[in-house]
Every structure is written in C-alpha cells, then in structure tokens.
Amino acid sequence: MKENNKLRIVPQVLSGFFLVWTLCVRSVFALEAPVVPSNLAEAEAFTQMKSMLESQAEEKLQAKETQCYQKTLISNCLRAVEKERSQFKRDMKIADNAASELFRVERVRQKEERKRERDALEEEKASRADTKAYQPKPERSPDAAPPPPKGKPLREAPADTPAISADQQAENKRIFEEKQKESVRMRAENAKRIAEQEERRQRYKADQEANRPK
C-alpha cells in the first residue's frame, strides 16, 4: 500500500517540478519591449542602455532558437522567434526616434535661450549708450549772466556802442525762456524713454525666470 502511494506521488512531484521549470524558463527568456522615452532624462537613460538592451534581447532570442530544435515543429518555432526579433527591432526604432526627437527639441530650446540672452545684452548695451550720450545741462537762472563764449575772447565794444533797447532785451529773454522750456521737454522725453527701456528689460528678466525649467 505504501509503495503504491509513493508511486502515485512521484508523477505529481515531477509534474510540479516541470511546471516550475517552465515558468522559470519563460521568465528568463521573456522578451520585453523597450520603454519609449517621454522626457529628456528617460531619453538619456535609453541612449546609455541601448546597446545593453539589444545584446540582452539577442541572447534571449538565440536561447529560444536553441529550444526550437528540441521541439517537433522546428520551423514554426523558428519563424515565431524571428517574428519576435523583428517586433523588438521595430520597438527599439520607435524608442530611438522618440529619444532623438527629445534631444532635438532640447537643442532648439537651448539655442533660442542663448539668442534671448544675447538680445538682452545688446538691448542693455544700447540703453547704457543712450544714457551716456545724453548728459543734461544744469539749469541756469534766467537772471544769471550768460556764460563766456568759447574760443578767443571778444574785444570790448567801443564806448560809443548803442545800448540794447528794452524791446530787444524782452525779445532776447523770451527766446531764452523758450529754449529753456524746450530743453526741459527734451529731458523729460528722454527720461521717459529710458524708463520704458528699463521696464521692458525688467519684464524680460521676469519672463526668463518664470520660463526657466525647475
């Protein structure tokens, strides 16, 4: 009776062992499709592991081909392995194209960022040049004596030179005041233009900080 029970257990043990062995073989020789990169970090990781993934996949496929010769339908098995190899190559091509596109987009982004930085520097240089070129003259009281003329000093007028009339003095004063007003207006316009340039530069810097990847 005991010997019969032992004989019944042996086939069950062998069947369980064969099932475990089959699952192990499937796990070892399972061929998974590569993950398609969706960001720059994944693209870099895929590029670094590309050769290793292809090598591991080929080893698994060759092991499967070796197993095919132990089966009855060898040709069908080999065709299935070749089909799996072709599918893996297509999956690798898709992942490789995705990584290349991510790298291309990153290169374009870096190029545009460098261009924006150069434009900002050029605008800042132009603003400094405009500010330096414009040096407003100090305001002078209308009643103050006019500055001495540059160059050779003029000879004193003869004693008999007629004095300037009151009307002429009034006209000269009016012309002087108009020139003063024009000078004040020009300084105000220039200060406004410089302030607008500085405001644009500050907005540009704020946009750069907001768009900078974290």
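Overview of values
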read-out: Pair list, Cβ under 9 Å, 6 or more apart: the stretch 106-133 residue closer than 16 Å to Glu198 by Cβ, other residue of a type in the set (Asp, Glu) and surrounded by 10 or more Cβ atoms within 10 Å (Cβ to Cβ); value: Ser127/Glu198
read-out: Cβ pairs under 8 Å, 6+ apart, first in the stretch 169-187 and open to solvent by 80 Å² or more (accessible area, probe 1.4 Å), second modelled with pLDDT under 85; value: Lys173/Pro142
read-out: Thr72, sole failed condition from (1) in a helix (DSSP H, G or I); (2) open to solvent by 60 Å² or more (accessible area, probe 1.4 Å); value: (1)
read-out: Search result, residues across the stretch 34-48 that are part of a helix (DSSP H, G or I) and surrounded by 13 or more Cβ atoms within 10 Å (Cβ to Cβ); value: Leu40, Glu42, Ala43, Glu44, Ala45, Phe46, Thr47
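Matching residues to (1) in contact with a Ser or Thr (Cβ under 8 Å, 6 or more places away or on another chain); (2) acidic (Asp, Glu); (3) part of a loop (DSSP other than H, G, I, E, B); (4) at pLDDT 65 or above:
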site: Ala163; (1), (2), (3), (4): no, no, yes, yes
site: Lys181; (1), (2), (3), (4): no, no, no, yes
site: Arg185; (1), (2), (3), (4): no, no, no, yes
site: Ala188; (1), (2), (3), (4): no, no, no, yes
site: Ala191; (1), (2), (3), (4): no, no, no, yes
site: Gln202; (1), (2), (3), (4): no, no, no, yes
site: Glu209; (1), (2), (3), (4): no, yes, no, yes
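The values are calculated or read from the model by the stated rules, or taken from the named source; none is laboratory data. Bear in mind the structure is a predicted one, so any value in this text is a computation, not a measurement. A quick note on method: Cβ atoms are made from the backbone with ideal geometry, for glycine too, and the neighbour counts reach across all protein chains shown. For the accessible areas, the whole protein counts, side chains as well, though only heavy atoms, and no ligand, DNA or RNA atoms are used. Shrake-Rupley method; radii C 1.70, N 1.55, O 1.52, S 1.80 Å.
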